[in-house]
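Encoded as structure tokens, the structure appears first; notes follow it.
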Amino acid sequence: MAAIRGILAVLVLATAACSTAPEPDPVPGPASTSQVRVQGDGSIPENGSISLDDDEHAAIANLDPALLKAMREAAKDARTRNIELRVTSGWRSKEYQQRLFDEAVTRYASEKEARKWVQPPDRSNHVTGKAIDIGPTNADDWLIQHGADYGLCQKYANEMWHFELLTTPGGQCPQPVGETD
């Protein structure tokens, strides 16, 4: 009986030691492409804009690297013509995109009408960092004329400010689609 008690005591101690042992650190893997690098929802004040060089702002820092590179190259060339490309919207969190969509539904009184101007998070390329809105109007005009040189194209006919990488640099942009839906 003493031997059994001794064995039980050893088992109890071994179990306790195992349960208090620290968990091993997880093996680091590749970063997710949707991982947010800079915190924030990506919002820019209404009627405001930020520089393409503002790497501290989530709207810029969380853009798709290829899109950001193309936009910065275009902005550099536009500056030689005294045109400044300003970001009015870039990457957006899912929550921020949902707020924008909800506000549009309220404003236009239906989801169908709202989708002419803003998409829900699961359909918006702003959430993936693959879309950017540019201002002012002279910058949009310049980018519509010269964006294909960088692979940048106006995606929607009703949004002259919305650009995405839709061709190879120097290629031909597809015709803008009628509206955001």
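The values are calculated or read from the model by the stated rules, or taken from the named source; none is laboratory data. Please read these numbers as outputs of a predicted model, since none were measured by experiment. Ideal geometry is used to build each Cβ from the backbone, glycine not excepted, and the neighbour counts take in all protein chains shown. All accessible areas refer to the heavy atoms of the entire protein, side chains included, with ligands and DNA or RNA removed. Shrake-Rupley method; radii C 1.70, N 1.55, O 1.52, S 1.80 Å.
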Task: Residue within region 115-130 that is touching a strand residue (DSSP E or B) at 6+ places or on another chain (Cβ under 9 Å) and surrounded by 20 or more Cβ atoms within 10 Å (Cβ to Cβ) present - done: yes
Open item on the list: Among the numbered criteria (1) free of Cβ contacts under 8 Å to residues at least 40 places away in the same chain; (2) open to solvent by 40 Å² or more (accessible area, probe 1.4 Å); (3) among the hydrophobic types (A, V, I, L, M, F, W, C), which one does ALA59 miss?
Closed with: (2)
- [ ] Residues that are hydrophobic (A, V, I, L, M, F, W, C): find the helices (runs of 4 or more DSSP H) completely inside region 93-181 holding 2 or more of those.
- [x] 94-108, 137-146
Open item on the list: Which count do you get for residues in region 22-56 that are open to solvent by less than 100 Å² (accessible area, probe 1.4 Å), β-branched (Val, Ile, Thr) and either at pLDDT below 95 or assigned to a loop (DSSP other than H, G, I, E, B) (or both)?
Closed with: 3
Open item on the list: Quick check on region 145-160. Is at least one of its residues closer than 23 Å to GLY42 by Cα and among the acidic types (Asp, Glu)?
Closed with: yes
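This table checks each residue for (1) more than 20 Å from SER51 (Cβ to Cβ); (2) open to solvent by 60 Å² or more (accessible area, probe 1.4 Å); (3) touching a helix residue (DSSP H, G or I) at 6+ places or on another chain (Cβ under 9 Å).
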| residue | (1), (2), (3) |
| --- | --- |
| ILE132 | no, no, yes |
| HIS146 | no, no, yes |
| GLY151 | yes, no, yes |
| ASN158 | yes, no, no |
| PHE163 | no, no, yes |
| PRO169 | yes, yes, yes |
Open item on the list: Being under 20 Å from GLY178 (Cα atoms) and of a type in the set (A, V, I, L, M) is true for just one of ILE50, ILE134. Which residue is that?
Closed with: ILE134
